[in-house]
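Okay, so here's the structure we're looking at.
The values are calculated or read from the model by the stated rules, or taken from the named source; none is laboratory data. Since we're looking at a predicted model, the values are computed, not measured. So basically every Cβ, Gly included, is an ideal-geometry build from the backbone, and we count neighbours across all protein chains shown. For the accessible areas, the whole protein counts, side chains as well, though only heavy atoms, and no ligand, DNA or RNA atoms are used. Shrake-Rupley method; radii C 1.70, N 1.55, O 1.52, S 1.80 Å.
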Amino acid sequence: MINFVGAGCGAPDLITVRGMRLIEKADVIIYAGSLVNPELLEYAPEHCEIHNSAVMTLDEVIRVMECAETENKMTVRLHTGDPSVYGAIREQMDKLDLLGIPYRVCPGVSSFCGAAAALNAEYTLPDVSQTVILTRMAGRTPVPEREQIRSLAAHHATMVVFLSAGMTKKLSEELIAGGYGPDTPAAIVYKASWPEEKVCRCTVGTLEETAKANGISKTALITVGNFLGDDYSLSKLYDPAFETEFRKASEH
């Protein structure tokens, strides 16, 4: 069995209990060495065979899985954050399907959740934004034309931009071209939940200078939107005049 496990956003105690227990039982671990906190490997048993996928190709990863399966070993494929977000797991699953090798997925705490925690923020504030857009700038990996930053920015929803900390000048230009004002609140969150975590609050117009001033060019999320501001409405759910299945409305 191959277990795709979300390692969480950095801190070793932010992995799920299920994920930790799978690591504790693993015979083989293939981990994303460029992003996954190596402290998580301390949960692995002494006999566990460990591979760093940062120096491997897709076919090499699959060969390790296939070899482990023929030897009746349990493999953990350890991905940063949650495997479903920029995890490149679909291509692995398709190859495993062709080989008839079973697999399961254990979700993890995505870095966009870790960034919100670092900011002490709520992405979905009433009367501000009820939509969160997870996206990235086009780089060596292209982005579909309909998903360009300026097109998404037109919604004025909360945006969390992955894999783009080295392109803040272009990102700022695209956000403004899409309709965000230069003074729209923004924040750069570097290595959320790691010991070296850094939170840099700024605006859409000052993204580039903020990144440069703090020496940030990778391993950071950029959040954009008025959820970072102070104006919002209180939740209807806890309004005394709002009746729910569990509580009658009151006049006081």
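Here are a few things to note about the model shown:
- Between the listed residues G215, V64, I15, the Cα displaced farthest toward the positive end of the dipole of the chain, a dipole computed from Cβ unit charges relative to the Cα centre, is found at G215.
- Segment 169-231: C-alpha gyration tensor shape, a/c 1.5 cut-off, then a/b vs b/c: oblate
- Surface accessible to a 1.4 Å probe, T70 within the full protein complex, Å²: 110 Å²
- Calculated P(r) of the chain - Cα pairs past 27 Å, %: 46 percent
- Dipole magnitude (debye, nearest 20) for the chain, charges at Cβ of Lys, Arg, Asp, Glu: 300 debye
- Expected 222 nm ellipticity per residue - DSSP helices of 4 or more, -39500 (n - 2.57), all of the chain, to 500: -7000 deg cm²/dmol
- The shape of segment 1-96 can be summarised by an equivalent ellipsoid whose semi-axes, obtained from the alpha carbon gyration tensor, come to 18, 16, 12 Å from longest to shortest.
- Leading residue at positive end of dipole, the chain (Cβ point charges), from L134, A154, A192: A154
- With every protein chain in place, segment 59-141: carbon and sulfur % of accessible area (1.4 Å): 49 percent
- Selection from C106, S53, L41 lying farthest towards where the dipole of the chain points positive, charges on Cβ: S53
- Charged neighbours of V204, selected by a Cβ distance under 13 Å, balance to -1 (K, R count +1; D, E count -1).
- The Rg/Rh ratio of segment 111-168, with both radii computed over alpha carbons and Rh defined as the Kirkwood radius, is 0.99.
- With DNA, RNA and ligands ignored, accessible area of L58 (1.4 Å probe; Å², nearest 10): 50 Å²
- Sequence of K170, K191, K95 from largest to smallest accessible area, 1.4 Å probe: K170, K95, K191
- Annotation: S235 carries an accessible surface of approximately 50 Å², with a 1.4 Å probe and no ligand, DNA or RNA atoms counted.
- The residues of the chain present an accessible area of 54 Å² per residue when probed at 1.4 Å with all protein chains retained.
- Rounded Å value of the spacing that divides the Cα centres of segment 22-71 and segment 146-176: 34 Å
- Accessible heavy-atom area order of I2, I176, highest first, probe of 1.4 Å: I176, I2
- Residue pairs, from the table K170/K218; K25/K95; K169/K191, whose Cα atoms sit over 26 Å apart: none
- A simple spin-label model places the labels of W194 and K73 2.8 nm from each other, with each point 7 Å out along Cα-to-Cβ.
- Here segment 28-84 is assigned +1 on the Cβ of each Lys and Arg and -1 on the Cβ of each Asp and Glu. Its dipole about the Cα centre then comes out at about 100 debye.
- Around L125: net Lys/Arg minus Asp/Glu count, Cβ-Cβ under 11 Å: -4
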